[in-house]
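Everything on this sheet refers to the single structure shown next.
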Amino acid sequence: QIQAIPTASLKATGTFAVPFGIHRIAATSGGLIAATGLGQWGGFAVIDASKRSLVGTAHMVYGGASLRLHPDQTRAYTGDFGLSPADFRCTFIKKNAQNQYDGYDSPYHGDYPLGGSFEITPDGRYLLGCAGSVLRLAKTKDADLRYVGKIDAGIAIGVAKGSNTFVVVNAEGFLKIYDLDKLELKKSIKIGALCTRVVLDSARNRLHAVASPVPPDAGRSGYFDYNAVRAGDIMSFSLTGK
């Protein structure tokens, strides 16, 4: 089911069902919702929130770990857990003349650390991957999802409109601050918390995060186990002074 919740009241004003288990959703300003499914279906769907109905579905890589809309709201990007060759995929939200959703996979299959969670910069230039790769985005298949740089691997990335930096938080409890234009590391700060979701507040130069204690074996196996993380607190960090 999907709930509609106004940000002013934070109370659900409506609920409607869809014919599959939802894994991730992202909404356009026009009322369309892009969604990926759970389990063996593992597909991509577009839902019309105003009509509370399913517009259509398309095959998608299994195990989508993340779903983000491009700022132009015409394309949806997904990243998987490495369970298929398609590490990242772009799907256009509007159907083509054949009543299908056009899409294509990343051209890199094992060449770079790809897949999993990611964020898209507000200007639409880059896809910042938690696995450690930065891809340039474009409107055409031949130019889209092209490798341009490497960053430290992490479990959450924070980026905001108007900011010339972005942050990466890793499993060992370090906050990495990067220059967005140069894709260079500016500062590394040990915050002693494991943040599974972060939001960058560029106006106040702060980072808000869902944080919990760092597990004793964090980072030792090379694999991050989300199931080992307990429910965390909402925390706020200042990005100045240190």
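Brief remarks follow.
- Taking 7 Å steps out from each Cα toward its Cβ at Asn99 and Val55 produces label points 1.6 nm apart.
- The Asp142 and Ala12 beta-carbon pair, evaluated with R₀ = 45 Å, returns a calculated FRET efficiency of approximately 0.55.
- Proximity of backbone amide H atoms, modeled 1.01 Å from N, is registered between Phe88 and Ser106 at under 5 Å, excluding neighbours fewer than 5 places apart on the same chain.
- Unsatisfied cross-links (Cα-Cα over 31 Å) in the set Lys51/Lys150; Lys11/Lys190; Lys141/Lys182; Lys150/Lys190; Lys94/Lys161: Lys51/Lys150; Lys11/Lys190
- Sites Arg206 and Ile2, calculated FRET efficiency, Cβ-Cβ separation with R0 25 Å, nearest 0.05: 0.20
- Charged neighbours of Leu200, selected by a Cβ distance under 13 Å, balance to +3 (K, R count +1; D, E count -1).
- Here is the list for region 129-204: trypsin sites (Lys or Arg not before Pro) lying in DSSP coil, each with at most 10 other C-beta atoms within 10 angstrom of its C-beta, are Lys182.
- Here the dipole of region 81-177 is about 340 debye; that uses its Cα centre as origin and unit charges on the Cβ of Lys and Arg (positive) and Asp and Glu (negative).
- Where Ser163, Ser133, Ser188 fall by accessible area, highest first, once all protein chains stay in place (1.4 Å): Ser188, Ser163, Ser133
- Among the chymotrypsin sites (Phe, Trp or Tyr not before Pro) found in region 71-172, those both in a DSSP coil and sparsely packed, with 15 or fewer other Cβ atoms within 10 Å of their Cβ, are Phe81.
- Gly116 long-range amide H proximity, modeled H, under 5 Å: Ala65, Asp80, Phe81, Gly82
- 3J(HN,Hα) along region 52-57, derived from phi through the Karplus expression 6.51 cos²θ - 1.76 cosθ + 1.60 where θ = phi - 60°, amounts to 6, 9, 7, 7, x, 10 Hz, with x in place of Gly and Pro.
The values are calculated or read from the model by the stated rules, or taken from the named source; none is laboratory data. Quick caveat: nothing in here was measured; it's all calculated off a predicted structure. When we count neighbours, we look across all protein chains shown, and the Cβ atoms used for this are built from the backbone with ideal geometry, even at glycine. Surface accessibility is based on the protein's heavy atoms, side chains included, excluding ligands, DNA and RNA. Shrake-Rupley method; radii C 1.70, N 1.55, O 1.52, S 1.80 Å.
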